[in-house]
Amino acid sequence: MEKTRVAIIDLGTNTFNLLITEVEGSTYRVLTESKYQARLGEGGIHKATITPEAMKRGVEGLTAHLITISEYQVESIFCFATSAIRSATNGAEFVRRVKQELGLTIRVIPGDEEAQTIFDGIKQVVPLGKEYTLIMDIGGGSVEFIIANRNGIAWKDSYNIGTARILEQFTPSDPITSEEIVHIEKYLYSKLETLFEAVAKYPIYKLVGSSGSFDTLAAIIAKEEYPLLDLSKGTTFEFKESGYKVLHDRLMASDAATRRTMPGMDPSRIENIIPATIIIQCVFEHVRPKEIWQCSFALKEGAIQQIISSEL
């Protein structure tokens with residue numbers, strides 16, 4: 001059976017994620033993964049624009065990924081753009097510039113399709129039973145929610161409440177104050193009414209979080225509770241409710257300098273982890289799942305699965 005090498009670039013609001021795979025038949029093998037902190041939403045996401053500095057960082061990020069791709073004899077490259085580019089008034093300009101300068105075609109996907117692709121990634125490694133699972137993916141621009149069980153997706157939606165948007169809109173103190181937390185929580189509750197209506201209809205047993213924020217929280221908890229565990233060797237990690245609550249409270253009380261020294265903290269998440277944790281806490285308090293899991297699979301793994309299944 002012929003093997004082909006395929007690269008996926010997920011152009012997130014904060015991070016450009018690269019996945020290089022070797023596809024054989026209906027299966028694939030990961031050859032390498034890397035991230036580039038393009039911070040495409042920085043300075044402009046709240047004004048629905050990509051600033052000239054962010055656009056430059058975006059091109060630099062894609063150039064860095066192309067250098068990595070060139071080392072693996074890749075035959076096809078698929079680029080997917082999400083919230084920052086789809087909601088920016090000059091998003092099409094960035095897409096044109098990338099095509100002109102780098103020869104890459106960027107596909108801007110709507111929030112609904114982003115949620116579906118995330119689900120197609122997560123279901124590869126998270127077993128789904130008859131009970132409903134709530135999947136959430138916290139990005140810089142948007143947060144996707146999917147309610148699913150073994151029969152498939154029951155409900156899904158995308159909300160423009162990502163971490164970069166929250167930081168730009170509320171500019172919290174360092175450390176964040178209790179008043180600011182309440183202010184952000186009220187805002188989130190007002191935006192997530194349709195999610196809570198869906199949860200009332202489909203009672204949730206398990207919460208599964210994908211994306212860098214959940215990866216970082218899992219890394220911090222694992223460093224403290226399981227110092228010998230190598231998270232990179234697995235695809236999922238279960239949070240104990242008590243452990244997560246303690247970490248949430250610690251993060252809320254911490255300043256950036258303290259967070260920088262936390263074992264397991266991703267340096268690129270030092271600011272974003274605050275709004276991310278507030279979003280998770282709001283959802284957790286309303287949904288009250290029996291289990292909370294982190295999953296390292298998300299959009300890029302879902303995209304490769306869709307490509308293999310010829311759904312794209």
Let's see if you can work this out: charge +1 on each Lys and Arg Cβ, -1 on each Asp and Glu Cβ, no other charges. What is the dipole magnitude of segment 3-110 about its Cα centre, in debye to the nearest 20? 280 debye
Report, in order of residue number, the helices in the chain meeting two criteria: a C-alpha extent of 30 Å or more along the helix axis, and a mean Kyte-Doolittle hydropathy of at least -0.5; treat each whole DSSP H run as one helix. none
Arranged by the count of other C-beta atoms within 10 angstrom, fewest first, what order do Asp137, Asp10, Asp174 take? Asp174, Asp10, Asp137
For segment 227-312: Kirkwood Rh in Å [reciprocal of mean 1/r, alpha carbons]: 15.3 Å
Would you list, by chain and number, the aspartates and glutamates whose Cα falls below 13 Å from the Cα of Lys47, excluding same-chain residues fewer than 8 positions away? Glu168
P(r) of segment 3-110 in 5 Å steps, Cα pairs, percent per bin? 2, 13, 24, 24, 16, 10, 6, 3, 1
As a test, work out the antiparallel percent of DSSP beta bridges whose residues both lie in the chain, rounded to the nearest 5. 65 percent
Cβ crowding within 10 Å averaged over residues, with 248-260, 85-97 ranked highest first: 85-97, 248-260
Return the distance in nm (one decimal) between the two label points of a simple spin-label model at Thr261 and Lys201, each offset 7 Å from Cα along Cα→Cβ. 5.0 nm
Can you tell me what percent of all Cα-Cα pairs in segment 61-168 are more than 17 Å apart? 62 percent
21 Å tail of the calculated P(r), segment 184-266, as % of Cα pairs: 43 percent
Straight-distance crosslink candidates among aspartates and glutamates, where the alpha carbon sits under 18 Å from Lys223 and sequence neighbours closer than 8 are dropped: Asp215, Glu238, Glu241, Asp249, Asp266
Orientation-averaged projected area, Cα convex hull of the chain (nm²): 15.8 nm²
How large is log10 I(q)/I(0) at q = 0.08, 0.09, 0.11, 0.19 Å⁻¹ when the Debye formula is applied to the Cα atoms of segment 125-296, each weighted equally and without solvent? -0.23, -0.29, -0.43, -1.33
Taking the Cα centre of segment 210-258 as origin, sum charge times position over the Cβ atoms of Lys and Arg (+1) and Asp and Glu (-1), and report the length of that vector in debye to the nearest 20. 40 debye
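Which value, in debye to the nearest 20, describes the size of the charge dipole of the chain about its Cα centre when Lys and Arg Cβ atoms bear +1, Asp and Glu Cβ atoms bear -1, and nothing else is charged?
Once rounded to the nearest 20, the dipole reads 160 debye.
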Aspartates and glutamates with Cα under 13 Å of Lys56, excluding same-chain neighbours fewer than 8 positions away: Glu42, Glu93, Glu101
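Given Cα positions, please report Rg to Rh for segment 148-217, the hydrodynamic radius being the Kirkwood one.
Using Cα coordinates only, the ratio equals 1.02.
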Among Ser211, Ala164, Ile184, which residue has its Cα positioned farthest towards the positive end of the charge dipole of segment 164-240, with +1 placed on the Cβ of Lys and Arg, -1 on the Cβ of Asp and Glu, and the dipole taken about the Cα centre? Ser211
Mind scanning Lys130/Lys156; Lys186/Lys300; Lys35/Lys233 and naming the pairs with a C-alpha gap bigger than 27 Å? Lys186/Lys300
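Just need the relative contact order of segment 3-110 here, percent rounded to a whole number, with Cα pairs under 8 Å and 6+ apart.
Dividing the mean separation by the residue count of segment 3-110 yields 28 percent.
A short reminder: the numbers here are calculations on the coordinates, not readings from a lab. Computed from a predicted model, the values in this text were never measured in an experiment. Glycine also receives a Cβ, built like all others from the backbone with ideal geometry; neighbour counts cover every protein chain displayed.
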